[in-house]
Amino acid sequence: MSNKAIVVIDMLNDFVTGSLKCDRAQRIILPLHKLLESARSKGVPVIYSNDCHYPGIDNELKLWGEHAIKGTEGAEVIRELKPQKDDFIIPKRRYSGFFQTDLHLLLRELGVDALIMTGLHANMCVRHTAADAFSWGFKIIVPTDGTEAFTEEDHQGGLAYLKQVYGAEIKTVDDIIKDF
Ligand code: ZN
């Protein structure tokens, strides 16, 4: 029996409705809400891995334009998935939620060995975070209806990559909830 945590990646205003708007993100809000509520009720930690960029400094901004700038509304989690009292919020300045952040230390202290990785985008930040999770030896579980990307191809391709390269278990939110 593994000790799980949920990682919610970049479900921020700028990624859902703002400067890097992704219409497909709308379809995962309800399933994620259900997953987070269930996790909290079962004592499974909920960790938000949030883009939080320094303007004029972070290299990603040259590729993507300004988004999720520290201290702005665009860098806040969407109100439908608002973090609750006992959740954790870990800012990141790169694609990976592990790179130069508090995430690994926190997961070790929580005794977590399996990550349920959710949010945006399956082929970018979820993928880069999964790469580091795999390297650190975490088991990876990814809900199809709890991750998205700009296109269907990007979403499906992203999931296939996670499965092939990191051994990720691809499941539905309902199946993940049943295993809590
Ligand atoms: Zn970013």
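What the table below lists for this structure:
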{"quantity": "Highest-MSF residue in the chain out of Lys34, Lys42, Lys82 [GNM, Cα springs under 10 Å]", "calculated": "Lys42"}
{"quantity": "Heavy atoms of Ser19 accessible to a 1.4 Å probe, total area in Å² rounded to 10", "calculated": "70"}
{"quantity": "Gained length - Asn3 relative to Glu37, 0.36 nm times residue gap less alpha-carbon distance", "calculated": "10.5 nm"}
{"quantity": "Share, in percent, of DSSP beta bridges within the chain that are antiparallel, nearest 5", "calculated": "5"}
{"quantity": "Entries of Lys92/Lys171; Lys42/Lys171; Lys21/Lys92; Lys62/Lys92 with Cα pairs more than 21 Å apart", "calculated": "Lys92/Lys171"}
{"quantity": "For Lys139, residues with placed amide H under 5 Å, excluding near neighbours", "calculated": "Ala114, Leu115"}
{"quantity": "Top of Lys62, Lys70, Lys92 by mean-square fluctuation, Gaussian network on the chain, Cα under 10 Å", "calculated": "Lys62"}
{"quantity": "Other-chain or far-sequence residues with amide H under 5 Å of Ile69's (modelled H)", "calculated": "His53, Ala75"}
{"quantity": "Mean residue ellipticity (222 nm) of the chain, computed from DSSP H runs ≥ 4 via -39,500 (n - 2.57), nearest 500", "calculated": "-10500 deg cm²/dmol"}
{"quantity": "Accessible surface of Tyr54 - all protein chains present, 1.4 Å probe, nearest 10 Å²", "calculated": "90"}
{"quantity": "Long-range HN-HN contacts of Ala168 with modeled amide H, under 5 Å", "calculated": "Lys163"}
{"quantity": "Rounded to 10°, Cα long-axis angle of helix 26-41 versus longest principal axis of the chain", "calculated": "50"}
{"quantity": "For the chain, built as a Gaussian network whose Cα springs stay under 10 Å, the top-fluctuating residue of Gly65, Gly157, Gly18", "calculated": "Gly65"}
{"quantity": "Acute angle (nearest 10 degrees) that the helix 125-135 long axis makes with the longest principal axis of the chain, alpha-carbon atoms", "calculated": "50"}
{"quantity": "By accessible area with a 1.4 Å probe, ligands and nucleic acids excluded, highest first: order of Glu109, Glu37", "calculated": "Glu109, Glu37"}
{"quantity": "Relative contact order %, the chain, counting alpha carbon pairs below 8 Å whose residues are six or more apart", "calculated": "27"}
{"quantity": "Glu148 - accessible surface, heavy atoms, 1.4 Å probe, Å² rounded to 10", "calculated": "10"}
{"quantity": "log₁₀ of I(q)/I(0) at q = 0.11, 0.12, 0.17, 0.25 Å⁻¹ - the range 49-117, Debye sum with one point per alpha carbon", "calculated": "-0.31, -0.37, -0.71, -1.20"}
{"quantity": "Convex hull of Cα atoms in the chain, direction-averaged projection (nm²)", "calculated": "9.3"}
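The values are calculated or read from the model by the stated rules, or taken from the named source; none is laboratory data. All of these numbers come straight from a predicted model, not from anything done at the bench. Just the protein is used for accessible areas: all its heavy atoms, side chains included, with ligands, DNA and RNA removed. Shrake-Rupley method; radii C 1.70, N 1.55, O 1.52, S 1.80 Å.
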